[in-house]
Structures are given as C-alpha cells and as structure tokens.
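Novice: Quick one: the structure is below, questions incoming.
The values are calculated or read from the model by the stated rules, or taken from the named source; none is laboratory data. Note that the structure is a prediction, hence the values are computed from the model and not measured. Positions of Cβ are backbone-derived with ideal geometry, glycine not excepted, and every protein chain shown enters the neighbour counts.
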Amino acid sequence: MTFGAARKRGGRAVSNAYRNWKRGGCALLRPYSLLATVFVTVAAGGSPATGQARDQNSGVVDVALAVPLSGPRQGFGHAVRARIELAAGEINARGGILGRPLRVEVNDDACNREGARNTAEAIIGNPAHPVVVIGHPCPGAAVEAASLYQQAGILFLAAGVRHPDLTLRRAGPLVFRAAGRDDRQGHDAGQRLRELAGPDGGTVIIHDRTTMSRGLAEAAKAAAKTDAAALSQTLTIVSSERDYGATVTAVAAMRPKAVLFVGFPAEAAIVIRQLRLAGITVPVLLNDAMANEEFVRHADGLLDDTVEVMMPVSISRDTIEDSETADALAASDAAAALMLWREAAIAVDSTDGERVAERLTASRAHLEEIGFTREGDADCASFAPFRRAGSVWRRVIAGTAGGRRGSNENPSRDASSLR
C-alpha cells in the first residue's frame, strides 16, 4: 500500500537540531517492563499554536498520545492507549520525569490524514504544551502530522509506523520512527539465512518471480553475503504448480546449508515437502506470507524446528515470545517509545525536544541497546524468525541456528515428511 508523503516545510526551523540531525549513532536506551496505571486526559480541541521550548519548571510533564479512537481502526488505537497507560504508570511509580509526574493526553486522529492534521494542530495549540507526541500508528496520518510537529519544535516518536515514507521523506530531526520498517524484511531474512548456514556455508534462495518476491530475494542475497561465503544461488519457480521436483533436484546439486523460500503458502509447502522427501533436511526460512493458518494447513506435519518464518517484531526489548498481532506490535512500540524518551530526557536532564532528539541519535555504549539512526529509524531488527510450537509461533532466540541443521549429503535417499 502506498501512502503519499509530500513533505511540507515552512515556518521556523529548529536550528540546532537541523545542524546535528545527520550525526550518526544510536541512543543509549533500554525500555522497561510495564505495570501500574496513570492519570489520562482525553483532548477535544486546542488553542492557538506555540512552537516555543517547553517549560522545564511546571508541575507535571505532559505527553500527547495520538491514536485512532474512532472509525474502523479504533481497536488499534485502544490497544496502543492501554499499553501507554501502563508504561506511564510505571514511569510515575519510578518517580516520574526529572522529579515531576507524567500526564498523558489522549487524542483521536481517526487513522486518516485530515484527522491527523486536526489532531496535530490541537496538540500544538494545547496550553499544556506537550513535550513529546507519541503515536499516529497509521502511516498516512503519521506522515501528515510529522511536518507540523517539526515546524512547531515538538519531538515526535511515530510508534507502530512501518511504512518507509516516514523517514525516507523525513520532515526533520525531531521526527523518529519507533517501529521496524516493512521494507527491511529481505535484509533481516538474509542475515538470518547466513546465521543458519554458518559463516561460510552455501545458501539457496527460491522465489516465485513476482515483483515482491524478487525484491525480497535480492535484498536477502545482499545481506547474506560474506567474505567467507559465495553469493547465494537463486532459483525461481512458477506459482500455482503442483510439482517442483526440478527445483528440488537443482537444490540437491547445490548442496546448501540453508534455504530461503520467498513466495506464498501453497507453493512453500510443496517445496518443503519435496525437499524433505528427497532427504534434504537443511533449515528452510520463509517470508512473512507464511505467517497464517493457510500455510499451517498446507504444511501439516512439516513445521519442526528446521522451518522458520520471518515475522514483523516490535522494537521493544520486552516483547513477548509469541508472535503479536499488528495492534499488539504497535502497542509494544508505543510503550517502548515512551520508555526510550524517558531515558533520553533523564540522560540530558531536560525534556527539551532538541536536546532529547540529539540524545536519541547519540552513540551507544552497548550494541544490545536500542538506538536510532541519523535518518530517524530505530536501529534494530524489523523482522525476526519464528518457529511453530504447538498452535503458536515462537520467536527464535537471536544468535542461534537452532534445530537440527540437517544434511543433504545423500539427497537421493528416501525420506518421509517430518513428523
């Protein structure tokens, strides 16, 4: 789905942030677990806008949450709101922000551009002067609001927005994506493919020739390349066929240590079944089109610990082990965004948007900590591998090849389907 993202510039530039927004690095931050409750207000409107620096001496710290609370995506918004309330409650239980309590103002953006613009204008004009805006999880709404917040000098952490346009056409250095990116699946799959195959193991990528699959395959091939290993070999199939024996024979001749299949459920299940029948038991990694019950039905009996599916994940370090719905992902991202903002504000001893933004893109002391790139993207995985465990998908622990690596040393031997 394509969202227009024409950037609207104008008004006062935030000079210090603009001078520094291309500095590299990531933030020295880590979110916490969530508990407790928080006092929340629901906004219905606002007064004239202000772009001035936020008052550091007021009694409370106001944070604006913008989510759809009406329309077809209202369930999405309510999920995000619930998690933010829990996160804000924990912050207040820990002493608030710089000794002051946190107050969250909830705003309905209706998950559309007009609603987002109206909401942004109300937030900017709010006498409470929110120091940060979190949310706008619908991509079109986030892109529409981003330029307004940038112009007003308000820090904006777009939580749950995975469409690339937000940062590809970034409105300025006060705009950050607190979420993964949907266009990073190929890259993340390629890294996992290399992990499964080992540093010098051969890999094969199979795709169905569609534009989407070709793009994912090319990105994965680039990401899987190392100095010690040859480029992944690529095979293509025609979708809707019932027999991919020729493809399996080609895979056997290539003797890979791991295989990536990019396509759709029916074809994926046929390829995996025929690989196993041919005695090729190496790990098989699949794209997120397989993250559904259709694939589970097609691949009945095949989903052991050598089969993994790439799925979108939250930036939160406290994300649950099981796969999450889109609503839950956005909620996790929003809670992580609030915690990351808190850590940055404490680190610079200020809630000023420019200073916090600089901290968010500062160098990290530890690689496992969440940071942001100079383009404003969260510097962590957008997708991760999952394995089927009973009736759920479970995330694979990072850094592990896992499962039985398998072998195709004798691909001609008989083999029954797994389980």
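Novice: Could you say which residue among Gly263, Gly279, Gly301 is under 18 Å from Ala189 (Cα atoms) and not β-branched (Val, Ile, Thr)? Explain how you work it out, then say what you get.
Specialist: On the way: Gly279 fails: under 18 Å from Ala189 (Cα atoms); Gly301 fails: under 18 Å from Ala189 (Cα atoms).
The match here is Gly263.
One line per residue, one yes/no per condition, for (1) outside the structural domain of Gly89 (by TED's automatic domain parsing); (2) aliphatic (A, V, I, L, M):
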| residue | (1), (2) |
| --- | --- |
| Ala258 | yes, yes |
| Arg276 | yes, no |
| Gly279 | yes, no |
| Val282 | yes, yes |
| Leu338 | no, yes |
| Trp341 | no, no |
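Novice: What's the number of the condition Thr249 fails, among (1) farther than 30 Å from Thr167 by Cα; (2) at pLDDT below 95; (3) hydroxyl-bearing (Ser, Thr, Tyr)?
Specialist: Only one criterion is unmet by Thr249, namely (2).
Novice: Pick from Asn107, Asn112, Asn118: which is without any contact (Cβ under 8 Å) to a residue 24 or more places away in the chain and either within 26 Å of Asp165 (Cα to Cα) or of a type outside the set (Asp, Glu) (or both)?
Specialist: Exactly one residue qualifies, and that residue is Asn118.
Novice: Would a scan of region 243-255 turn up a residue that is among the hydroxyl-bearing types (Ser, Thr, Tyr) and within 19 Å of Pro385 (Cα to Cα)?
Specialist: Taking region 243-255 first, the residues among the hydroxyl-bearing types (Ser, Thr, Tyr) are 244, 247, 249.
Still in the list and also within 19 Å of Pro385 (Cα to Cα): none.
No, region 243-255 contains no residue that is among the hydroxyl-bearing types (Ser, Thr, Tyr) and within 19 Å of Pro385 (Cα to Cα).
Novice: Here's a follow-up. Scanning region 342-380 for residues that are part of a loop (DSSP other than H, G, I, E, B), small (Gly, Ala, Ser) and modelled with pLDDT of 95 or more, which turns out farthest from the chain's Cα centre (by Cα)?
Specialist: Step one: of region 342-380, the residues part of a loop (DSSP other than H, G, I, E, B) are 349-352, 361-369, 371, 373-376, 379-380.
When the remaining residues are screened for being small (Gly, Ala, Ser), the result is 350, 362-363, 365, 371, 376.
Among the residues that remain, those that are also modelled with pLDDT of 95 or more are: 350, 376.
Values: Ser350: 28, Gly376: 13 Å.
Once the filter is applied, the top-ranked residue is Ser350.
Novice: So, in region 223-253, how many residues would count as being closer than 23 Å to Arg194 by Cβ and touching a Ser or Thr at 6+ places or on another chain (Cβ under 9 Å)?
Specialist: First pass over region 223-253, keeping only residues closer than 23 Å to Arg194 by Cβ: 223-237, 247-248, 250-253.
Keeping just the survivors that are touching a Ser or Thr at 6+ places or on another chain (Cβ under 9 Å) gives 224-225, 229-233, 235-237, 247, 252.
Result for region 223-253: 12.
Novice: Select, from Ser332, Ser314, the only residue that is in contact (Cβ under 8 Å) with a residue 40 or more places away in the chain, in a helix (DSSP H, G or I) and not acidic (Asp, Glu).
Specialist: Values: Ser314 fails: in a helix (DSSP H, G or I).
Only one candidate qualifies: Ser332.
Novice: Is it true that some residue in region 215-235 is touching a residue at least 60 places away in the same chain (Cβ under 8 Å), β-branched (Val, Ile, Thr) and either crowded, with 16+ Cβ neighbours inside 10 Å or over 23 Å from Asp182 (Cα atoms) (or both)?
Specialist: First, the residues of region 215-235 that are touching a residue at least 60 places away in the same chain (Cβ under 8 Å): 216.
Subsequent filtering for residues that are β-branched (Val, Ile, Thr) retains none.
Scanning region 215-235 turns up no residue that is touching a residue at least 60 places away in the same chain (Cβ under 8 Å), β-branched (Val, Ile, Thr) and either crowded, with 16+ Cβ neighbours inside 10 Å or over 23 Å from Asp182 (Cα atoms) (or both).
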